[in-house]
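The block underneath contains the structure these notes are about, expressed in structure tokens.
Laboratory data are not the source of any read-out in this text; all were calculated from the coordinates shown. Nothing here was measured: the structure is a model prediction, and the numbers come from that model. Glycine also receives a Cβ, built like all others from the backbone with ideal geometry; neighbour counts cover every protein chain displayed.
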Amino acid sequence: MKYTRLIGTKDILPGETFPWVALQNILRDVSARFGYHEIITPLIETTNLFIHSVGDVTDIVSKEMYSFKDKSERDITLKPEGTSSVVRAYLENHLTDLSKPVKLYYIDRFFRYEKPQKGRYREFYQYGAECFGSDSPAVDAEVIQLAFHLLLSMGMKDLILQLNSIGCPSCRPRYREQLVAFLKLHENELCSECKLRAATNPLRVLDCKKESCQAVLAGVPITTNHLCRDCAQHFNTLQELLTALGLPFQCNSRLVRGFDYYNRTVFEISSIFLGSQSALLGGGRYDDLVEMLGGSPTPAVGFAMGLERAMMIIQESNSMAFVEPSTTLWIANFGGITLTESLSIANQIRQAGIRVEVDLEGKGIKKSLESALKRGIPYLLIIGEDELKNRLFTLKDLQKKDQQSLTLQEIIGTIQNSQMNSL
Ligand SMILES: [Zn+2]
Ligand SMILES: [Zn+2]
């Protein structure tokens, strides 16, 4: 019997884990510089949480959730996204009492039963940032600034920010009416999915990628023409702030997000990847979600970034920050006392921060030389009985192809110097 991983899942193998952790270190470091604090929520939540927050007519809830009953017949779901859980935790743990705004971020794994494709998995990682407690457009601007800072720190280039405002509960219904009337007129030209969406979730039609729908949408009523005064003001101020911060943006009146809970600002940042524009992260304002989930009215903004795609772009860039340093020194020995001493000497050298491996089978110089070359290890140290007697050891530099007889202290010094020089 052979076991294979489930479709849409991925093993992160040695060699891939280092850039993965390096990426997470950047995310944590930059988030902290913006005053964000990490939150870790459980992988499972009650199914109802997502039905109420994400919305039961969205694709995520209606088609893509991993939901099941546990042994006590509770309805449980593997988290399909991060914001709902963060809001749930924010309320349940009284983070509402903290001084506002409350800035949280997460690095977490999520599950969606989607068609797997390159860079998209059924189990996937996301970074997300959420800021609670202020409706100031400066919060939207700072969240976008954080997103840019993260992507630039990861070495991403040619970033394109798209921006839209989808209004609030006081102006959106009027827009929605006009949109529904427009879609009704063109019902026969819409794809089968959009025919359904026109009745259940008309805003989502705006972001249908099918050509037939795109053609219809050329004449669609535009969200930003139907904003109330407050929403228009908010959107204008945000644009002024982004301009002042030197963050370039394009207004895209057809940009909407896949969740029901967004209002006012929605945004997406993409980059050119493998010749085509690829979305890296998206987010927006969700001023009503905290109240929808049982809290008092609390404006909020956030975004989420898929880490698999980010990882693919980072690997393309060949940046040294994401390359794992290899073992620096291999110790050859001849078994018996020379192996025991090798283990002890290896540890003394490790104390100096050097990566050391020992021939654990004591098979002598030839085998060790082979192993070191195969692994790309630059230094080989030979520990035999004579060397132990004299406390002078042969250090071979496998790149320069020379060797010296040195004391342990001199060996550490030599390797440290060569590491300093290669930085
Ligand atoms: Zn409004
Ligand atoms: Zn469509």
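Could you work out how much longer the chain between T237 and I160 gets when fully extended? Use 0.36 nm per residue separation minus the Cα distance between them, nm to one decimal.
Gain on stretching T237 to I160: 25.7 nm.
Using r as the Cβ-Cβ distance of A244 and E385, and R0 as 45 Å, what FRET efficiency do you calculate, to the nearest 0.05?
Details: r = 73 Å, r/R0 = 1.62.
Efficiency, rounded to the nearest 0.05: 0.05.
When the chain is modelled as a GNM with alpha-carbon springs shorter than 10 Å, which of E177, E316, E410 fluctuates the most?
The residue that fluctuates most here is E410.
For K157, go through the aspartates and glutamates and keep the ones whose alpha-carbon is under 13 Å away, minus same-chain ones fewer than eight residues off.
Straight-distance partners of K157: E316.
Counting DSSP beta bridges in the chain, what percent are antiparallel, to the nearest 5?
For the chain, the DSSP antiparallel bridge percentage is about 80.
Which lysines have a Cα lying under 23 Å from the Cα of K69, excluding residues fewer than 8 positions away in the same chain?
Partners found: K79.
Please compute the net charge surrounding L227, taking Lys and Arg as +1 and Asp and Glu as -1 over other residues with Cβ under 11 Å from its Cβ. Working shown, then result.
Details: positive: R172, R174, R229, R264; negative: D230.
It works out to a net charge of +3.
Mind giving me the FRET efficiency for N347 and T96? R0 is 51 Å, r the Cβ-Cβ distance, nearest 0.05 is fine. Write out the running numbers ahead of the final one.
Values: r = 51 Å, r/R0 = 0.99.
Approximately 0.50, to the nearest 0.05.
Q315 versus E361, label points 7 Å from Cα toward the beta carbon: distance in nm?
3.1 nm
Quick check: net charge around Q178, other residues with Cβ under 13 Å of its Cβ, Lys/Arg +1 and Asp/Glu -1? Mind dumping the intermediate values first?
On the way: positive: R172, R174, R176, K184; negative: E177.
Here the count lands on +3.
Please grab the % of Cα pairs in region 329-422 that end up more than 17 Å from each other.
Of all Cα-Cα distances in region 329-422, 43 percent exceed 17 Å.
Any idea how far the Cα center of region 182-224 sits from the one of region 327-391, in Å?
Answer, in whole Å: 68.
Connecting C-alpha atoms closer than 10 Å in a GNM of the chain, tell me which of L242, L395, L255 has the biggest fluctuation.
L395
Once Lys and Arg get +1 and Asp and Glu get -1 on their Cβ, which of G413, F393, I345 lies farthest toward the positive end of the dipole of region 329-422?
G413
For an R0 of 35 angstrom, estimate the FRET efficiency from the Cβ-Cβ distance between T200 and S276 and round to the nearest 0.05.
Numbers: r = 30 Å, r/R0 = 0.86.
So, using R0 = 35 Å, E works out to roughly 0.70.
Whose amide H sits under 5 Å from the amide H of F273, counting only residues 5 or more places off or on another chain, with H placed in the peptide plane?
Those lying under 5 Å, H to H, from F273 are S278.
If you build a Gaussian network model of the chain, linking Cα atoms that sit under 10 Å apart, which residue out of A22, A141, A199 swings the most?
A199
Quick check: net charge around I76, other residues with Cβ under 11 Å of its Cβ, Lys/Arg +1 and Asp/Glu -1?
0
Once both axes come from the Cα atoms, what is the angle between helix 307-317 and the longest principal axis of the chain, in degrees from 0 to 90, rounded to 10?
The angle comes out near 50 degrees.
With the crude spin-label approximation of a point 7 Å out along Cα→Cβ, what separation in nm comes out for E64 versus F18?
Simple spin-label model gives 3.3 nm for this pair.
Which whole-number percent is the relative contact order of the chain (Cα, under 8 Å, 6+ apart)?
15 percent
Between S326 and S192, what length comes free when the chain is fully extended (0.36 nm per residue of separation minus the Cα-Cα distance, one decimal in nm)? Show your work: numbers first, answer last.
Values: separation 134, 0.36 × 134 = 48.24 nm, distance 5.40 nm.
Between S326 and S192, full extension yields an extra 42.8 nm.
Per DSSP H run of at least 4 residues, take -39500 (n - 2.57); add these up for the chain, divide by its residues and hand me the 222 nm value, nearest 500 deg cm²/dmol.
-11000 deg cm²/dmol
Using θ = phi - 60° and the Karplus curve 6.51 cos²θ - 1.76 cosθ + 1.60, what whole-Hz ³J(HN,Hα) does each residue of region 3-14 get, with Gly and Pro shown as x?
Here the 3J(HN,Hα) series is 9, 10, 6, 5, 4, x, 10, 8, 8, 9, 9, x Hz.
Based on alpha-carbon centroids, what's the gap between region 1-47 and region 82-150 in Å, whole number please?
With region 1-47 and region 82-150 each reduced to a Cα centre, they are spaced 14 Å.
What is the extension gain from K374 to I222, computed as 0.36 nm multiplied by their sequence separation minus the C-alpha to C-alpha distance, in nm to one decimal?
48.6 nm
Expressed as a fraction of 2.2 N^0.38 Å, the rule-of-thumb size for a compact globular protein of N residues, what is the C-alpha radius of gyration of region 231-304?
Working: Rg = 14.1 Å, N = 74, 2.2 N^0.38 = 11.3 Å.
Relative to the rule-of-thumb radius for its length, region 231-304 sits at 1.25.
Jot down the per residue volume, in cubic angstrom and as a whole number, of the convex hull over the alpha-carbon atoms of region 1-45. If you can, show how the numbers build up before the last one.
On the way: hull volume 5.7 nm³, N = 45.
For region 1-45, the hull spanned by Cα atoms encloses 127 Å³ per residue.
Simple spin-label model, 7 Å along Cα-to-Cβ: S418 to S72 in nm?
Here the modelled spin labels are 6.0 nm apart.
Hey, if you put +1 on the Cβ of every Lys and Arg and -1 on every Asp and Glu Cβ in the chain, which of L289, L183, N164 ends up farthest toward the positive end of that dipole?
Result: L183.
At each listed q (0.08, 0.09 Å⁻¹), what is the log10 of I(q)/I(0) that the Debye formula gives for the chain modelled as equal alpha-carbon point scatterers?
-0.59, -0.70
My understanding is that a pair violates if its Cα-Cα distance is over 19 Å; which of K63/K195; K374/K401; K10/K115; K363/K401 do that in this structure? All intermediate terms of the calculation are to be shown ahead of the outcome.
Values: K63/K195 17 Å; K374/K401 15 Å; K10/K115 14 Å; K363/K401 21 Å.
Exceeds cut-off: K363/K401.
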